[in-house]
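J.: Below is a structure I'd like to ask you about.
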């Protein structure tokens with residue numbers, strides 16, 4: 001009877017000894033780049049204040065940009081304003097589609113070829129493509145590069161996070177699950193400092209991309225997950241790493257550590273299994289909703305930095321720094337109050353303070369900008385703490401066979417929703433809203449009703465017949 005689990009082996013070899021600490025630190029340092037890349041589009045796609053040159057009427061391609069906050073962004077370089085303003089939004093949308101692709105694609109790849117190889121592949125792509133982005137000659141090449149950078153960014157973070165969790169014993173996962181997100185916040189602080197010092201989108205891009213060259217050396221410093229090797233029945237390789245772990249942690253062992261005939265290995269389950277039972281369906285639905293809300297608050301507050309008033313870079317820096325106390329407090333309370341109470345408290349505090357900004361913005365204006373910033377800071381702290389908790393909660397709430405599946409699905413699903421909403425909005429806009437270019441704009445309600453009435457012919461092929469709908473308002 002197979003009664004020995006891999007966690008039992010980790011307990012025997014040391015749940016968080018020198019071997020794990022060294023690798024964990026390297027993986028945490030790697031997550032800094034993910035923090036940089038995830039919020040870098042805010043700097044690249046920022047639209048500075050702008051006006052037409054002189055008093056004469058000129059075409060939309062000629063603009064004078066304010067250089068107080070940014071010397072140059074990709075938007076100002078390519079004049080993505082006026083009729084082309086939508087392109088800046090599309091660029092950001094495509095980037096996060098890339099993140100979604102990286103979450104799913106590299107997550108599946110990590111299960112197939114291993115955590116280490118996936119980590120190194122995404123690191124190689126990240127270095128080359130992020131550096132090339134700084135030299136993108138025009139919008140469409142920039143768009144393609146942004147998609148690949150987004151995919152590589154989370155393709156780098158996902159295996160790093162999974163590897164850090166799989167190497168540690170069960171009692172140490174709270175201690176290791178939260179701090180890696182603190183290093184993610186270091187990336188936010190770093191990119192805000194680089195933005196302040198350089199003020200040029202290409203230089204900021206290079207300041208984030210070029211340091212990633214150091215991660216290519218990880219091939220010689222990190223190990224594959226022995227847990228994954230066991231799941232692939234590669235017992236000899238897992239044994240070699242387990243022996244190195246015992247030696248580094250100064251644990252004396254006699255003979256082999258991994259005995260396949262005694263080891264219980266959970267089988268891999270399909271994604272739909274998360275919805276196969278009423279209880280799992282209910283829990284998964286609640287977790288998905290929480291992932292969506294946490295993601296919206298976390299990234300929404302940060303992307304809203306320019307609208308908070310005051311100094312853009314200082315606000316961005318503060319919203320990065322406040323993550324450290326938020327993560328530390330949540331880490332200290334998780335094993336005392338539990339996951340559920342902590343997560344609920346973070347969501348109530350974060351959401352409540354964000355609701356309070358309605359009054360300061362609508363009724364206070366510039367006079368209450370510091371109070372608006374304070375509410376935003378507390379909201380960011382709540383969402384940052386909740387982000388760290390939901391990662392752990394999602395993994396622990398499922399049985400062992402569904403933990404990694406549930407965790408990766410939870411990470412990816414909010415991006416699926418955001419992407420689906422963006423695509424749906426684009427389709428609805430393209431099909432049902434009239435063009436305004438070179439058209440006389442409506443002056444009255446009646447004009448508004450009549451404006452853009454058009455004939456839409458929809459061809460429906462039913463029994464080789466074509467039905468034409470002559471008018472659709």
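J.: Mind telling me which of the residues 144, 104 ends up being part of a helix (DSSP H, G or I) and more than 30 Å from residue 167 (Cβ to Cβ)?
T.: 144
J.: Based on this model, can you work out whether residue 210 counts as exposed (fewer than 14 other Cβ atoms within 10 Å of the Cβ) and farther than 24 Å from residue 6 by Cα?
T.: So residue 210 fits the description; yes.
J.: Follow-up. Please name all residue pairs, on different chains or six or more residues apart, with Cβ atoms under 9 Å, provided the first residue is in region 329-351 and is closer than 22 Å to residue 300 by Cα and outside the structural domain of residue 379 (by TED's automatic domain parsing) and the second residue is modelled with pLDDT under 85 and surrounded by 14 or more Cβ atoms within 10 Å (Cβ to Cβ).
T.: none
J.: Quick one: which helices (runs of 4 or more DSSP H) lie wholly within region 1-47 and hold at least 2 residues that are within 30 Å of residue 315 (Cβ to Cβ) and either under 25 Å from the mean Cα position of the chain (by Cα) or outside the structural domain of residue 168 (by TED's automatic domain parsing) (or both)?
T.: Helices (runs of 4 or more DSSP H) meeting the threshold: 18-39, 41-44.
J.: Just checking, how many residues over region 105-137 are closer than 23 Å to residue 208 by Cβ and modelled with pLDDT of 90 or more?
T.: 19
Residues checked against (1) free of Cβ contacts under 8 Å to residues at least 40 places away in the same chain; (2) surrounded by fewer than 24 Cβ atoms within 10 Å (Cβ to Cβ); (3) in contact with a helix residue (DSSP H, G or I) (Cβ under 8 Å, 6 or more places away or on another chain):
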| site | (1), (2), (3) |
| --- | --- |
| 76 | yes, yes, no |
| 92 | no, yes, yes |
| 119 | no, no, yes |
| 131 | no, yes, yes |
| 137 | yes, yes, no |
| 146 | no, no, yes |
| 153 | no, no, yes |
| 160 | no, no, yes |
| 165 | no, yes, yes |
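J.: Would it be correct to say that residue 109 is surrounded by fewer than 20 Cβ atoms within 10 Å (Cβ to Cβ) and either touching a helix residue (DSSP H, G or I) at 6+ places or on another chain (Cβ under 6 Å) or not in a helix (DSSP H, G or I) (or both)?
T.: Yes.
J.: In contact with a helix residue (DSSP H, G or I) (Cβ under 7 Å, 6 or more places away or on another chain) and modelled with pLDDT under 85, is that true of residue 169?
T.: When the stated conditions are applied, residue 169 passes them.
J.: If you take the residues in region 285-316 that are surrounded by 20 or more Cβ atoms within 10 Å (Cβ to Cβ) and more than 27 Å from residue 179 (Cβ to Cβ), which one is modelled with the highest pLDDT?
T.: Checked region 285-316; the qualifying residue modelled with the highest pLDDT is 312.
J.: Is it the case that residue 319 is out of contact with any helix residue (DSSP H, G or I) (no Cβ under 7 Å at 6 or more places or on another chain), assigned by TED's automatic domain parsing to the domain that holds residue 392 and modelled with pLDDT of 80 or more?
T.: Spelling it out, it is not the case that residue 319 is out of contact with any helix residue (DSSP H, G or I) (no Cβ under 7 Å at 6 or more places or on another chain), assigned by TED's automatic domain parsing to the domain that holds residue 392 and modelled with pLDDT of 80 or more.
J.: Given (1) modelled with pLDDT of 85 or more; (2) surrounded by 15 or more Cβ atoms within 10 Å (Cβ to Cβ), where does residue 348 come up short, assuming only one miss?
T.: (2)
The values are calculated or read from the model by the stated rules, or taken from the named source; none is laboratory data. Remember, it's a predicted structure, so these values are computed and weren't measured experimentally. Glycine gets a Cβ as well: all are built from the backbone with ideal geometry, and neighbour counts include every protein chain shown.
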